[in-house]
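First the structure, in the form of structure tokens, and then the observations on it.
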Amino acid sequence: MAAIYGHYNFWNVTSEQALQETWLHTENVKPLWAAGSVLSIVMAPIIVLGNLLVLLAVWKDPLKKLRSSPSNFILVSMALADLSVGLVVCPITAYWGWVRFEKKTVPFGLSVIFAINVFSVNVSFGHMLLLAVDRLFAVVTPLEYRLKITNKRVLVACCVCWMYFVAFGCSFLMLGDYFAIMVTIYNVQLLSILLSILIMYAVMMFHFHRYSKTIEKEQRHSIDSRLMILKRERNVFKAITIVICAFLICYMPWFMVQLLKYLCKPCYPHLALLIILFRFSTSLTHANSFLNPILYSWRLPKFKETLKYFWKNRNFGRWH
């Protein structure tokens, strides 16, 4: 946290010291707290509605199409994590910011904020990794996909993801005296997950492109067949590109701010600007919980059919 303290000897910083040096020390960013609180309040119901629709679709499953796929269990688990962002993280963030805007005394420290984010935001982040692994097996080993990706293995993976991030979040509460070290581990961990996801999506695109080229060269396939494969490749490439771009837009600003906090010693005189960037980038990570249902669930044909069914039969009593 060289940008906060003006030096690189920050490893013994506690959560209370970090709170005093950043959030309570920069008085000229007080209006930011009010704006951030309003933004969190606006995002909360949108996040809740989008993820409730995913959970409702799988729970009701009126067309009997959503409970058979193992990947849908990941989507349900991720929707639960994103739902907690709208129900817990956004309201608490809004409350914390509003109290900070009105007076210096804050209801709880940075360790609590980080613990809450790990509970919810990063559980969702971990499920993006699970979805990337699921899609990688589906593209690279389609014939063995059903044998490798089973409901039991998916449920175990989701439970491990939840338990790990819950335990890691609790560590922020128990190890408040080692706040700087814990935040460093936290950042390295998330950066590793980010790079892993990007690498897997790159491997998927390369594999499918190579497969398409091989089919295109084989004379035994008709022109219509080759055109269909090329169209499928474009659709896969488009879908992956949209997911990656949304993913990077939501998380890369946050990672860039983290790098500045740790490595940019000349940023020390501009701490207020850095805090503004941090608050904005954190809001983007929360917004990702609204985009996940759109990017991962509702774009799938089975979810689209279920959503259309719900729209045509808006009477809840008719959903059986």
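Backbone geometry of the range 181-186 corresponds, through the Karplus equation with coefficients 6.51, -1.76 and 1.60 at θ = phi - 60°, to 3J(HN,Hα) couplings of 5, 5, 5, 5, 4, 4 Hz, x marking Gly and Pro. Counting only protein chain heavy atoms and rolling a 1.4 Å probe, the accessible areas of MET163, MET204, MET174, MET256 rank, largest first, as MET174, MET163, MET256, MET204.
Backbone geometry of the range 295-300 corresponds, through the Karplus equation with coefficients 6.51, -1.76 and 1.60 at θ = phi - 60°, to 3J(HN,Hα) couplings of 6, 9, 10, 5, 7, 6 Hz, x marking Gly and Pro. Cross-link pairs exceeding 19 Å in C-alpha to C-alpha distance, out of LYS65/LYS148; LYS60/LYS312; LYS64/LYS312; LYS64/LYS238, comprise LYS65/LYS148; LYS64/LYS238.
The values are calculated or read from the model by the stated rules, or taken from the named source; none is laboratory data. Here the structure is a predicted model, which means the values were calculated and not measured. What goes into the accessible areas is simple: the full protein's heavy atoms, side chains included, and nothing from ligands, DNA or RNA. Shrake-Rupley method; radii C 1.70, N 1.55, O 1.52, S 1.80 Å.
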